[in-house]
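Here is the structure we will look at.
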Amino acid sequence: MSVTHRRRWLQWAAVECLVGFGLCVVTARAVVAQTPAVEAPGAATTPAPDGADPDQPGVDKKAEPGFLGFFRSVEVGGLVDLYYDYYSTKPVDDAIYRNFDAKHNQFGFSMAEVWLARVPTTSQRAGFTFKMNFGPAANMINAFEPSKLQILENIEQSYVSYLAPMGKGLQIDVGKFVTQHGAEVIESKDNWNYSRSLLFALAIPYYHMGVRATYAVNDKVTVMGNVVNGWNNVVENNGGKTVGAQIAVKPVPQVSIVQNYMAGPEQADDSNDWRQLSDTTVTYTATPKLSLMANYDYGRDRLAGLGVGWQGIAGYARYQVNKWWAIAPRVEWFDDPQGFMTGTAQALKEGTLTFEVKPVDNLLWRIEYRRELSNATVFQNTGGDLRTNRNSVAFGVLYAFTSKPQ
């Protein structure tokens, strides 16, 4: 069996195992839902308040023992992300500086995901998250992974959790998890725009391997700290470790402020030169229909003893016209004066306008126009000429499901 065939066989075997396990979970949850509860003689039943979900995290109810009790608390989910992009430069290869939607003039497959998760609560203190990602997105996310184990490319997250009985609860996660930095995430369905920002693609990491601890100080302040191998590496590439910290503040219900900081050696076989990253996101719900958001990143590193840096800022808005559709503009600026992140000393700008249609709860359609500019000639067209700007139109279709009550 060739290496390529072996790799494909391992990927499909993993998918079949996870999907099969997921079907067992869904079946078990259905059985549990149809099985009447066994009550002690004379016991009174107190109904949950209207709208309350006793299976949600933080609700302190007595854990249901046994096999069925386990499956009742497990979430099963999945995602399929497809798109069509047309670029004014008509690139032959993947469009530079674009994450996951980089193919020109063809119907593209971005990613497919399946996941299982059990959130720890005060009554079920152990939990886990296991998410598998397939497609070009998985290849790009793990492009810099030092490990030669191909199966790691398809594991987006895999960690175990424990909610320690300390104060309001100290959650400890150990394993591989996505980064805490940035205003956007890997899954487009959870972002305001279809395409990912320049900051997502160039300024921050994708994932980490290590341990993190999260604690809610009160209803307005949550803190987190972690110790990881570094940026985008399950297997360590030097002799040091990277440390991170986060504070999330919600002074009023309409405002959320998240401040992240991370520092550590990131270059292969170099434990002396440290990389530092400061990441700030502020979200404001102006009205029930209008939300605003801003994200700022500032990073520093050392290359061959010389300092290098990058920074960028992005501004977002989202207006929910009605239940079925929304409009979301985004503007941003990214400065890479030494070319450390992009390979060319330049300043990039982009503006995006996204129209979202949601005909049913599980399905999203997004139509998007995006214009990108640079003060250097970096956008290559089909003929090989370099330009300072590029336009694109994208059509994204996303289907997602979850067994978690909505």
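The values are calculated or read from the model by the stated rules, or taken from the named source; none is laboratory data. Computed from a predicted model, the values in this text were never measured in an experiment. Note that we place each Cβ from the backbone using ideal geometry, even for glycine, and neighbour counts take in every protein chain shown.
Right, PHE177: touching a residue at least 60 places away in the same chain (Cβ under 8 Å), assigned to a strand (DSSP E or B) and at negative phi or not?
Judged against the criteria, PHE177 is not a match.
Kindly indicate which of ASP273, ASP301 is modelled with pLDDT under 95 and assigned by TED's automatic domain parsing to the domain that holds GLU236.
After applying the criteria, what remains is ASP273.
Condition first: buried (at least 17 other Cβ atoms within 10 Å of the Cβ) and touching a Leu at 6+ places or on another chain (Cβ under 7 Å). Now tell me which residues in segment 143-162 satisfy that.
The answer is GLU145, and nothing else.
Would you be able to tell me the number of residues in segment 213-231 that are in contact with a strand residue (DSSP E or B) (Cβ under 6 Å, 6 or more places away or on another chain) and more than 27 Å from VAL252 (Cβ to Cβ)?
Residues flagged as in contact with a strand residue (DSSP E or B) (Cβ under 6 Å, 6 or more places away or on another chain) and more than 27 Å from VAL252 (Cβ to Cβ) within segment 213-231 amount to 5.
Being among the hydroxyl-bearing types (Ser, Thr, Tyr), without any contact (Cβ under 8 Å) to a residue 60 or more places away in the chain and assigned by TED's automatic domain parsing to the domain that holds LEU348 narrows it down to one of TYR84, TYR162, TYR97, so name that one. Walk me through how you get there before you give the answer.
On the way: TYR84 fails: without any contact (Cβ under 8 Å) to a residue 60 or more places away in the chain; TYR97 fails: without any contact (Cβ under 8 Å) to a residue 60 or more places away in the chain.
Of the residues listed, the single one that is among the hydroxyl-bearing types (Ser, Thr, Tyr), without any contact (Cβ under 8 Å) to a residue 60 or more places away in the chain and assigned by TED's automatic domain parsing to the domain that holds LEU348 is TYR162.
Among PHE355, PHE401, PHE395, PHE334, which is the only one that is in contact (Cβ under 8 Å) with a residue 24 or more places away in the chain and buried (at least 19 other Cβ atoms within 10 Å of the Cβ)?
Just a single option satisfies the conditions, and that option is PHE334.
Could you check segment 291-309 and list, in sequence order, the residues that are in contact with a Gly (Cβ under 9 Å, 6 or more places away or on another chain) and either closer than 20 Å to ASN272 by Cα or among the hydroxyl-bearing types (Ser, Thr, Tyr) (or both)?
TYR296, TYR298, GLY299, ARG300, ASP301, VAL308, GLY309
Inspect all residues belonging to segment 334-352 and state whether any of them is over 30 Å from GLY299 (Cβ atoms) and either over 26 Å from the mean Cα position of the chain (by Cα) or part of a loop (DSSP other than H, G, I, E, B) (or both).
There is no residue in segment 334-352 that is over 30 Å from GLY299 (Cβ atoms) and either over 26 Å from the mean Cα position of the chain (by Cα) or part of a loop (DSSP other than H, G, I, E, B) (or both).
It is to be established whether one or more residues within segment 88-99 are hydroxyl-bearing (Ser, Thr, Tyr) and not in a loop (DSSP other than H, G, I, E, B).
no
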